[in-house]
Each structure stands twice: as structure tokens, then as C-alpha cells.
Amino acid sequence: MQPLSVVIAQPDLRTASQLAASMRTRFRNVAVTQEKENLRAEILKSRAALAVVDLELLPLPEVKELCRELNNVRVVCTHRIADEKLWAAVLGAGAEDCCTAGDIPGIISAAERSLIPRALAKAKAA
């Protein structure tokens, strides 16, 4: 298990619960919020290295702001529809990846991939 914390921002409770249960096997602490107003506070409180953010909860301009403000936190976005233009826009906003909200294995894979550069940097610094 990686010694990292994750915050999931997902408006759908069922999807959030399934994703959280899967992520708890890989990350030390997993917090869930269904309100965008609580997202930043939850990231700071848990010292999260990663936020999985649904674009229906936090629109793309706010994702861009989040990535800029908390540039040490990796962001993986989710959305109910897979769309190449949306994926490109998400990457342009500073997020690491964009996955379909119900694709839990894909989200976990994107989360782990997004944290690899951070782990390598820490290993080099040590």
C-alpha cells in the first residue's frame, strides 16, 4: 500500500463508494466529498497527493484553478462520457488524465500512473 492520501470528489454516492472501496486497498487514506465547496479543505486536511474529481461536480475552469493553486496535488478527472476533446481540455487545464466515471480500474490505473513521477523524484532526493 502506498503511503499517500486521496480525495474523491464525486456527486454520485454509489460511484464514490465503489471507487473509495477500491482505492482503500492501494492508498493509506481515502476521503470522499460530494460538495465542491469542501474539496480544497479536504485536500488540505488530509494532505492528499491525489484528487479524483468528477467534472459534473467541479467544472473545467475550476479544475484548472485547483491545479494551479494546489500544484503539488495530482488531479485525475472523471466524467460520465468518454470524449477526446474533453480529455485534451482536461490535460490542458493541468490534470493528469480523464476517465469515464464508472471505469474504476481505469481511474485507479490513471491515479497510480500520475503518482509515479512523484515517487521517482522522492527516491532520487533520498
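A short reminder: the numbers here are calculations on the coordinates, not readings from a lab. The structure presented is a predicted model; accordingly, all values stated were derived computationally and were not measured. Using ideal geometry, Cβ is built from the backbone for each residue, glycine included, and neighbour counts are taken over all protein chains shown.
What is the percent of Cα-Cα separations in the stretch 1-67 that go past 21 Å? Counting pairs separated by more than 21 Å, the tail of P(r) holds 17 percent.
Among Glu42, Glu62, the ranking by other beta carbons within 10 Å of each residue's beta carbon, starting with the fewest, stands as Glu62, Glu42. The simple spin-label model puts a point 7 Å past each Cα toward its Cβ; for Trp87 and Arg14 those points are separated by 2.6 nm. Shown here is the pair-distance distribution of the stretch 2-125: with all Cα-Cα distances grouped in 5 Å bins from zero up to the longest one, the shares run 2, 12, 25, 27, 21, 10, 3, 1 percent. Our coupling estimate for the stretch 60-76, obtained by passing each phi through the Karplus curve with A = 6.51, B = -1.76, C = 1.60 and θ = phi - 60°, is 3, x, 6, 5, 4, 5, 4, 5, 6, 5, 10, 5, 8, 9, 7, 10, 10 Hz, Gly and Pro reported as x.
Full extension of the chain between Asp103 and Arg28 yields a length gain of 24.9 nm, computed as 0.36 nm times the residue separation minus the alpha carbon distance.
When each of Leu39, Leu86 is scored by the number of other beta-carbon atoms lying within 10 Å, the sequence from fewest to most is Leu86, Leu39. Each residue in Lys45, Lys64, Lys85 was given a count of other beta-carbon atoms within 10 angstrom of its own, and listing them fewest first yields Lys85, Lys45, Lys64. For Lys45, a cut-off of 19 angstrom between C-alpha atoms picks up these aspartates and glutamates, skipping any fewer than 8 places away in its own chain: Glu35, Glu37, Glu65, Glu69.
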